[in-house]
Amino acid sequence: MGYAPLISWETIIKKVDLVEDEDNNYYINFSNHRNPNDYGIDTIGVDNYYIVVYTGFIFEVKEVVNSNKVKAYELTNEPKKLGTFVGKPAFIYQSKNGVPILTQAMRKRLHRSAFDIIWNIENNIIGSGSDFNWDRPIKSLPYIGQNLGSEYKTISEGLEAIYFAFIPATISINGNVTKEVGVTFDLTISGSVTHNDETVFSNGRIERSDTSEISFSGDTSYNETDSGLYGTSPGLIESYVAKIDVNNNGEPGTIQSSTKSVGCIYPYFYGLSPDPSLSGSSLYTTLNKILQGQGDKVHSFNASDGDYIYFVIPASWSDLSDIVDNGGDGDSVISSFMNELRTVSSSGISPGYSVNFKVYRTKNPMAPGEHTLDFRV
């Protein structure tokens, strides 16, 4: 495994002496540096990990005695004739991440204690001094083009970010609600908090679009009620976002749900009646009421003798483009319907409404039997 040095310079070995009672430790005397423009060990100091390499042997610098002498630990086999190195060139360098640069030949000559040292050094790049912990569920996978940027300095940090990154908590909220214009109602707002890796939660609240709040306690779920809501015309009544404060792996913040919208619309009506002049509350109570938005509608009518077919839509809707008899030959029958504005007055709801609707009604009573019609926008 090779790692480029951060700093290096050339020197000449002057003398090598074995340190008494310390295996594999030597005093090495050398010229400070061959090139006066090079760094010297006296210039750099010993705050970092240094290695002296010469003629195939490698030493870990343990102590700087003076500018021309170091105490060093030999990682390769013990030199047989130390004097043979005198006058030979060598390099002193500061290694990146504390990892010595070893050739394959050097590795073959490492003794047992050196392997222990090298393993701890190289392992430090991966596991900050200990084995990287793979014995846990992987949370995510890398993808093509992913760039972690410069935030992560070691392999350990990079692996952690790619496979085991902190998963923040999430909070949900129940779905959107559509009500009829003029209906007063109580709204249930509920959801849950998924912890994932988060452990700190506080200040749970539901924020309304009018900036007021409903507070909730607990950090797993919530179920609150907003009372007395109603809309007097089609549109948004209120919207809600659930929020809770979290620690977020040491970067405190707030997580929030999607927006829950509560709106109201006018219904449309369909049905049969022998009365060709239905309007007001009679139209509201006699026909079938459907709370849906504008679009194509298909309905079946089981007419009795003298019944008229009614199809009544809010005045804001577009005029029908066609009415097709699906029960017959699929022919257009829109010409057999009249279309006029009539007032529809709600009944049994508060505060209610009384507004104009577009009333499509057959011009003549229908023949008894089943009729299926497709009302097209």
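Residue check, Ser332 against (1) surrounded by 13 or more Cβ atoms within 10 Å (Cβ to Cβ); (2) of a type in the set (S, T, N, Q); (3) touching a residue at least 12 places away in the same chain (Cβ under 8 Å), all met but one. Which one? Status for Ser332: all satisfied but (3). Listed by position, the strands (runs of 3 or more DSSP E) contained in the range 269-332 that have at least 1 residues being out of contact with any Lys or Arg (no Cβ under 7 Å at 6 or more places or on another chain), outside the structural domain of Gly235 (by TED's automatic domain parsing) and within 18 Å of Asn364 (Cα to Cα) are 297-303, 308-314, 322-325. Taking the criterion of being among the hydrophobic types (A, V, I, L, M, F, W, C), modelled with pLDDT of 60 or more and surrounded by 15 or more Cβ atoms within 10 Å (Cβ to Cβ), the residues of the range 20-71 that qualify are Ile28, Phe30, Ile51, Val52, Phe57, Ile58, Phe59, Val61, Val64, Val70. Only one of these is assigned to a strand (DSSP E or B) and among the small types (Gly, Ala, Ser): Ser150, Ser156, Ser192. Name it. Answer to the selection: Ser192. Just so you know, in the range 337-352 the residues that are in contact with an Asp or Glu (Cβ under 9 Å, 6 or more places away or on another chain) and in contact (Cβ under 8 Å) with a residue 24 or more places away in the chain include one that is farthest from Thr184 (Cα to Cα), and it is Ser346. Whether a residue is at pLDDT 95 or above and in contact with a Cys (Cβ under 7 Å, 6 or more places away or on another chain) was assessed, and Val181 passes this test.
The set of residues in the range 151-192 that are polar (S, T, N, Q), crowded, with 16+ Cβ neighbours inside 10 Å and over 22 Å from Val241 (Cα atoms) contains only Ser156.
The values are calculated or read from the model by the stated rules, or taken from the named source; none is laboratory data. These figures come from a predicted structure and were not determined experimentally. When we count neighbours, we look across all protein chains shown, and the Cβ atoms used for this are built from the backbone with ideal geometry, even at glycine.
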